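All remarks here apply to the structure that follows.
The values are calculated or read from the model by the stated rules, or taken from the named source; none is laboratory data. What you see is a predicted model; the values in this text were computed from it and never measured. Neighbour counts run over all protein chains shown; Cβ positions are idealised from the backbone, glycine included.
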Amino acid sequence: MEFIRYTKTRRTRRLLAFAAAAASVALVASGCASGGDAGTGGGAEGDLSITFIPKQLNNPYTDVVLGGGEDGATAAGFAATEVVGPLEASASSQVSFINAETQAGTSVIVIAANDPDAVGPALEEARAAGAKIVAFDSDTNPKYRDVFISQVIAKDVALIQIELLAEQIGGSGEIAILSATANATNQNEWIKFIEEELASNPEYAEISLVAKVYGDDDDTKSFQEAQGLLQAYPSLKGIISPTTVGIAATARYLSTSNYKGTVALTGLGLPNEMRPFVKDGTVTAFALWDPAQLGYVAAFAGKALADGTITGTEGDTFDAGDLGEREVGADGIVIVGPPTTFNADNIDDYDF
Amino acid sequence: MTLDTSPPATSETTTRRANGFAAVLRLREIPVTLALIALVTLTYMANPLFLSQQGVKDLLLNATIVIILSVGQAMVIVTRNVDLSIGSILGIVAFSTGTLFVTFPGIPIVLVFLAGMALGALLGSINGCLVTVAKVPSLVITLGTLYIYRGLNNAWAGGTQYFAGDRPDSFGALSVDTIAGFPVITLIAIVVVIIVAIFMASTRPGRDLYAIGSDPEAAKLFGIPVTRRVLLAFLSNGVLAGLAGVLYASRFNSVGATTGTGLEFDIIAAAVVGGVAIFGGSGTVIGAAIGALLLTTITSALTAIRVDKFWQQAIVGLLILAAIVIDRIARIRTAKKLRLSEARDV
């Protein structure tokens, strides 16, 4: 293409030389800066900093979580709160942000992992440099973090979704799952519990899970996955989408197609996003927890870890501000609260 | 040259030109059309639901936005340029469409379309100006504006998203209602294809775009206003990306900071598969539109017969390679023919 023809001009060569020089200056400068920061960050008491690294920025659900996290960080007494993260949810995209936090000497890193292991080595480096690691929303491999703040008990989330769907399809028929990415930790855990429940609970004996598809938390992709499901499985009775992007995209497709009212949909959704679909009858009921509390508790857990009040072992308790006391359970997991079911009767009471 | 050899040579040139035209047709739009027909037939035999009323409607709707974008991209590629920023333009226009409906409830839908296309035109002409005035290759310029426009969208939207419920029902209905089996927005796309196809095939500025793509230096020497024409191609592409952005907001549920990310490669792939030569100078917008229809249909077809996602991408890759090989063979043949005729004329 065009650019090949220009590479040999003199101007470009001069530009390249300038760019190279600028890059070297920047490298030297950043080298100095990170050296300095690491020194101060490790030692200073009562000057704690916290950084949130969500799965991806500019995701409406994440924004509610982070809003709670920032409130919590202020209430817990952190001097500096930052939110950094990738614009797309992919396995390796968070690593460079973790590395930057390690260099800046951040005291607490709160992370929602896109992949439980991909972030591991970077988190180990951060811990070696003195940072405390709080996983929230989506867990890392337990060996890479101090505690995991779970919105709810994973099994409860799975059970409420299958319960809602079973009720909506009358207890029998083919169902499918439309999830986020194929390696999302939290979704996969819920799916595992859903599968176990389907296999073990006699009430669900006549329900068969025929497909699991992944919309990558992308509106367009999820939309087309929903469309494909209905075409590939003509006798499909219901869809569970345990992700806010997936359930909204599927609801949009159903509400604009012939399948509206004949195929049931439930899962985890944001009330604000799902309101029109509940009102027009596409969706009867769906579930979620209060996402803001998740960030709030994560901030307090981070503070307790940084202060040395807790170490993340089972039985540790810490103060979570307005939400009272929280206890660290097995595997360093802290539970925030039970899931809520939203339907036409109560959806207008919520605004997030 | 002698007198007695020249008349046969002339007649041979005309027949050769006619043959060449037929060959070009055979080599460019026909394979992709045949592939499309074969694909639809085979999938239909495997899963009759594929061509149910809802199935056909979904196929057309899926292709609509990609078709409009591919047609615009084809105009740019024909001039031996490329526009990588269209995904970002679509995103920013889609978000501004959502914003318009929320900020001015009751705003006429036509006005929203015009505003979206105007914003697209602005962003497209920025690309065009940078490419033509700064004389920097479009690959680099539009790679830059891809990030700049996306950055602006991120800064503007933040975590805000607008949902289908925020927009009037009549606007969403454009991508639900059908006229004679065709969704309204698909009809818009078909009109776009026809207009641009006529422009490219039979108007002076349209032909100039091909001349520029074949040989920019020669085009300049010939007196074609290269700067103005290339600018026009980028501007038109921007307008079409803007139109696609408005339609995106009509069809999909949410518009926000990441809307349209990564779309550019699908679009370039559609144009290339449709026979638009990546080095410019040849290919038609109808080919690009069929390419777009083929690629979106493959995705639906493979899903309908339950083939793994991985294979879908691999197949798209194979199609691109096939298109390039066909293009290469066509070029070698034309060059050989030209050499032979030149040699005979000496």
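Points worth noting:
Let's see how each residue does on (1) away from every other protein chain (no Cβ under 13 Å); (2) more than 19 Å from the chain's Cα centre (by Cα):
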| position | (1), (2) |
| --- | --- |
| B:PRO225 | yes, yes |
| B:ARG229 | yes, no |
| B:VAL239 | yes, no |
| B:ALA257 | no, yes |
| B:GLY260 | no, no |
| B:PHE265 | yes, no |
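- Comparison of A:VAL245, A:VAL152 shows that the only residue that is surrounded by fewer than 24 Cβ atoms within 10 Å (Cβ to Cβ), under 19 Å from A:THR62 (Cα atoms) and among the aliphatic types (A, V, I, L, M) is A:VAL152.
- Taken together, the residues in segment B:168-188 that are of a type in the set (S, T, N, Q) and either buried (at least 18 other Cβ atoms within 10 Å of the Cβ) or part of a loop (DSSP other than H, G, I, E, B) (or both) amount to 2.
- Enumeration of residues in segment A:248-260 that are within 10 Å of chain B (Cβ to nearest Cβ) and touching a strand residue (DSSP E or B) at 6+ places or on another chain (Cβ under 9 Å): A:ALA248, A:ALA249, A:THR250, A:ALA251, A:ARG252, A:TYR259
- Which numbered condition B:TRP156 misses (of (1) under 16 Å from B:ALA241 (Cβ atoms); (2) more than 27 Å from the chain's Cα centre (by Cα)): (1)
- Residues being touching a Leu at 6+ places or on another chain (Cβ under 9 Å), touching a residue at least 12 places away in the same chain (Cβ under 8 Å), over 18 Å from B:GLY72 (Cβ atoms) and not polar (S, T, N, Q) - total across segment B:168-214: 4
- Of the residues B:ARG339, B:ARG328, B:ARG344, the single one that is more than 17 Å from B:GLU29 (Cα to Cα) and free of Cβ contacts under 8 Å to residues at least 60 places away in the same chain is B:ARG339.
- Summed over segment A:287-305, residues that are at pLDDT 90 or above and either surrounded by fewer than 20 Cβ atoms within 10 Å (Cβ to Cβ) or within 22 Å of the chain's Cα centre (by Cα) (or both) total 13.
- Here A:ILE240 fulfils each of the conditions (1) more than 14 Å from every other protein chain (Cβ to nearest Cβ); (2) surrounded by fewer than 18 Cβ atoms within 10 Å (Cβ to Cβ); (3) farther than 30 Å from A:PRO121 by Cα apart from (2).
- Residue check for A:GLU273: among the charged types (D, E, K, R) and either crowded, with 22+ Cβ neighbours inside 10 Å or on the phi > 0 side of the Ramachandran plot (or both): yes
- Selection status of A:VAL95, within 14 Å of another protein chain (Cβ to nearest Cβ), in contact with a helix residue (DSSP H, G or I) (Cβ under 6 Å, 6 or more places away or on another chain) and touching a residue at least 12 places away in the same chain (Cβ under 8 Å): no
- The set of residues in segment B:284-298 that are under 11 Å from the mean Cα position of the chain (by Cα) and not aliphatic (A, V, I, L, M) comprises B:THR284, B:GLY287, B:GLY291.
- Subset of segment B:156-166 [more than 10 Å from chain A (Cβ to nearest Cβ) and either crowded, with 21+ Cβ neighbours inside 10 Å or free of Cβ contacts under 8 Å to residues at least 40 places away in the same chain (or both)]: B:TYR162
- Identity of the residue in segment B:175-195, of a type in the set (A, V, I, L, M, F, W, C) and either within 14 Å of another protein chain (Cβ to nearest Cβ) or in contact with a strand residue (DSSP E or B) (Cβ under 7 Å, 6 or more places away or on another chain) (or both), that ends up farthest from B:ALA249 (Cα to Cα): B:LEU187
- The set of residues in segment B:43-98 that are under 27 Å from B:GLY181 (Cβ atoms) and hydroxyl-bearing (Ser, Thr, Tyr) comprises B:THR43, B:TYR44, B:SER52, B:THR64, B:SER70, B:THR97.
- Listing of strands (runs of 3 or more DSSP E) fully contained in segment A:51-137 that carry 1 or more residues being crowded, with 24+ Cβ neighbours inside 10 Å and hydrophobic (A, V, I, L, M, F, W, C): A:108-111, A:132-136
- Residues satisfying the stated conditions in segment B:283-317, i.e. of a type in the set (Gly, Ala, Ser) and surrounded by fewer than 21 Cβ atoms within 10 Å (Cβ to Cβ): B:ALA314, B:GLY317
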